[in-house]
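To start, the structure itself, in structure tokens.
The values are calculated or read from the model by the stated rules, or taken from the named source; none is laboratory data. If you're wondering where the values come from, they're calculated on a predicted model, not measured in any experiment. A quick note on method: Cβ atoms are made from the backbone with ideal geometry, for glycine too, and the neighbour counts reach across all protein chains shown. Each accessible area value is taken on the protein alone, full model and side chains, heavy atoms only, with ligands, DNA and RNA left out. Shrake-Rupley method; radii C 1.70, N 1.55, O 1.52, S 1.80 Å.
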Amino acid sequence: SSMGAVSHIVVRKARCSLAQPLVAAAASRQAAVVPRIAICGSGVAGASLAGVLSKQLGKAVKIDIFEHAPAGGDQGYGLELDEHGQEALARAGVYHRLWDMARPYSDSVLMCGPRGENPVRFCRPRLLQAWLPQYFAARPECNRAALRKILLEAAIERGVAGIHFDTRVVDIRRAQDCTITGEGGGRQTPAVELLGIGGRILGEYDLVVDAMGWSSTLRQHRVEPRAQVAAAGSDGSSAALDRGRTSALIHGSVDNPEEAWSQGLLDWMGQAGTFAIKGQRTMFFQRYGASLADNRTAFFYFVDRSDPDSLFGEMGIVKPTSRASGIWTGDSLAKAKQFLHKDLGDSVDSRLHEAIDSLDRITVRTNYIHDLEFQFKQADLPLICIGDSLRHCRVGGGGGLAMRDSLEVAAVLTRPHAFDQFGGCNLAPIRRVESGMMQRKDDYKRKNGQAFATIDLSNSWSHNVDHALLPWRADASAGERLHVYAKRLAMKLAGNTLIGIVNRLHTREARHYPGRVGSDAESPIYPSVEKALQEERFREKREECAEEQPLNSPVVLALPP
């Protein structure tokens, strides 16, 4: 019945028909074996999954997280939190900490050529945020280390998760003493053992989630690529990797640009959370501090090399043997800066050379992209790959895809009958989700990778359309050329119109809200995130009422209007 601004639903404790699937799933396992889940990797994907599962299932699951790096190791820089990432925070019960990890007004972007030509300024205007929150809600840059810390702390504090640092997962095998009895009430899938360095058994688990990233040692058990190479790990083990495409990524950080940069460089970047320079070379500067007082800014520079390791020789630096030793300061930092100055030459604005001089640290990493051609292996091992372990698309966007993967896997694992009464995992829905995740990553790579790579903002949009996006084919017929010409004309008109609109919107926003272009804690949120928050509040209220009320007594729940 309706009572004022809220609706009231009366249910009985003995019935679960109105319960959220997550509550029913947890309750159905209280008298069964508690499933043991191993999450390999504690980056964005692993931490998100641990946070969501610990919140949704509570003591109905046991989670072990294995991380090969030491506690406090480098976690990278920034991550744009899209609607799926924010929903993952809501499902993990930590959405209220969003602005403890995110920088206000960081969802504005400046793109231009290497001398500042052809600028395009993107922002999320307040008027459009209010009218169309499903497209223009707050989407800030967040600090990866803060995001990971908040998610892992929440999972551990709930008493269902533990993390093992300095622990490298090398392989997986079927548990020696596990018997599958098949249909008829027995265990449906085997338990598995995780193996560390030297064959040491790390534990026995009912499900293993591989979130170790593109260099995963477990991916070979799920994905069979077109070609494989053996890459020796630091422990002497070998991991089967795809023979994909590689390039080099030079990235670093400046602790406080406001102190290290000239006023001219600061004025050029302005308030933008991301400053992208796109010419013959591609580089980014990205704010990744977790508050307006934290001005740390990351630097990314892409270098095409068939053998990324050759860069170390060009710089005159010994190839590092670990992630920690690859973070350069002192003499190695100076040599890396010298290489960057030489590679850029005089093709860029002198202020960019100034920005390079201000870097406090630099490292070189392989920008590896998994091969597009693959097939899943037929295996009964309860193993699923998520994030970059499943498919590394490219630098940029992978963190958001990883959090969406975690959200979808958690949704499957929190359904009733995700595990049988002996702890065996129901693999059928897991495999369906895994296939969907792979397809989404392939689509993302095809739609977002090539077009951006070919754009050169040192030239006009019309020039980019003619020579980068829609070039002539030498053997094109007259009809084909006419078709391409029509597409060029439409793309030029649409592109120039859109660029003009977004630039005018940014100018208007900057005039009306000086120093506050973009989103903050008061900005509208995505409707899907608001729905998730409402569902979580309802679920928590139901659980509280279930604990307080005697069996079969009515429980009155107030739902939002």
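Observations on the structure shown:
- The stretch 504-515, residues that are surrounded by fewer than 16 Cβ atoms within 10 Å (Cβ to Cβ), modelled with pLDDT of 90 or more and closer than 15 Å to Q271 by Cβ: T507, R508, R511, H512, Y513, P514
- Options S48, S7, S54; residue that is among the polar types (S, T, N, Q) and modelled with pLDDT under 95: S7
- Checked against the criterion of being in contact with a Leu (Cβ under 6 Å, 6 or more places away or on another chain) and more than 13 Å from L352 (Cβ to Cβ), the candidates A272, A293, A298, A260 yield just one match: A272.
- Taken as a whole, the condition of being in contact with a strand residue (DSSP E or B) (Cβ under 6 Å, 6 or more places away or on another chain), modelled with pLDDT under 80 and acidic (D, E) applies to E224.
- Boolean, L470 is at pLDDT 90 or above and out of contact with any strand residue (DSSP E or B) (no Cβ under 8 Å at 6 or more places or on another chain): no
- In the stretch 318-330, the qualifying residues are those that are out of contact with any strand residue (DSSP E or B) (no Cβ under 7 Å at 6 or more places or on another chain) and small (G, A, S), and the one that is most open to solvent (accessible area, probe 1.4 Å) is A324.
- Taken over the stretch 75-93, residues that are touching a Phe, Trp or Tyr at 6+ places or on another chain (Cβ under 8 Å) and in a loop (DSSP other than H, G, I, E, B) amount to 1.
- Number of the exception - C112 against (1) open to solvent by less than 20 Å² (accessible area, probe 1.4 Å); (2) touching a strand residue (DSSP E or B) at 6+ places or on another chain (Cβ under 6 Å): (2)
- Of all residues in the stretch 135-171, exactly one satisfies the criterion of being closer than 30 Å to S519 by Cα, acidic (D, E) and touching a residue at least 12 places away in the same chain (Cβ under 8 Å), namely E141.
- Checking V465, V412 one by one, the residue that is part of a helix (DSSP H, G or I), modelled with pLDDT under 90 and open to solvent by less than 10 Å² (accessible area, probe 1.4 Å) is V465 and no other.
- Considering the stretch 128-165, and only residues there that are over 22 Å from the mean Cα position of the chain (by Cα) and closer than 28 Å to G289 by Cβ, the residue that is most open to solvent (accessible area, probe 1.4 Å) turns out to be E157.
- Cβ separations smaller than 6 Å between residues 6+ apart or across chains give the following pairs from the stretch 459-482 residues that are closer than 17 Å to E117 by Cβ to residues that are modelled with pLDDT of 80 or more and among the polar types (S, T, N, Q): W461/N496.
- Among the candidates L98, L132, the residue that is free of Cβ contacts under 8 Å to residues at least 12 places away in the same chain and either farther than 30 Å from I277 by Cα or not charged (D, E, K, R) (or both) is uniquely L132.
- Annotation: of all residues in the stretch 179-192 being open to solvent by less than 40 Å² (accessible area, probe 1.4 Å) and more than 35 Å from the chain's Cα centre (by Cα), the one that is modelled with the lowest pLDDT is G182.
- Answer from L333, L340, L390 - the residue that is touching a strand residue (DSSP E or B) at 6+ places or on another chain (Cβ under 9 Å), open to solvent by less than 10 Å² (accessible area, probe 1.4 Å) and either over 21 Å from A50 (Cβ atoms) or at pLDDT 90 or above (or both): L340
- Residue in the stretch 441-451 that is at pLDDT below 90 and on the phi > 0 side of the Ramachandran plot present: no
- Search result, residues across the stretch 30-74 that are open to solvent by 10 Å² or more (accessible area, probe 1.4 Å), in a helix (DSSP H, G or I) and of a type in the set (V, I, T): V44
- Among (1) of a type outside the set (G, A, S); (2) part of a loop (DSSP other than H, G, I, E, B); (3) modelled with pLDDT under 95 - the single one T363 does not satisfy: (2)
- Scan the stretch 293-312 for residues that are modelled with pLDDT under 90 and either over 16 Å from I362 (Cα atoms) or open to solvent by 60 Å² or more (accessible area, probe 1.4 Å) (or both) and the total you get is 6.
- Answer residue from the stretch 261-282, given it is modelled with pLDDT of 90 or more and under 17 Å from V517 (Cα atoms) and is most open to solvent (accessible area, probe 1.4 Å) among those: D267
- Hey, E83 open to solvent by 20 Å² or more (accessible area, probe 1.4 Å), more than 24 Å from P527 (Cα to Cα) and acidic (D, E) or not: no
- The sole residue among Q421, Q439 that is more than 28 Å from R281 (Cα to Cα), not aliphatic (A, V, I, L, M) and not in a helix (DSSP H, G or I) is Q421.
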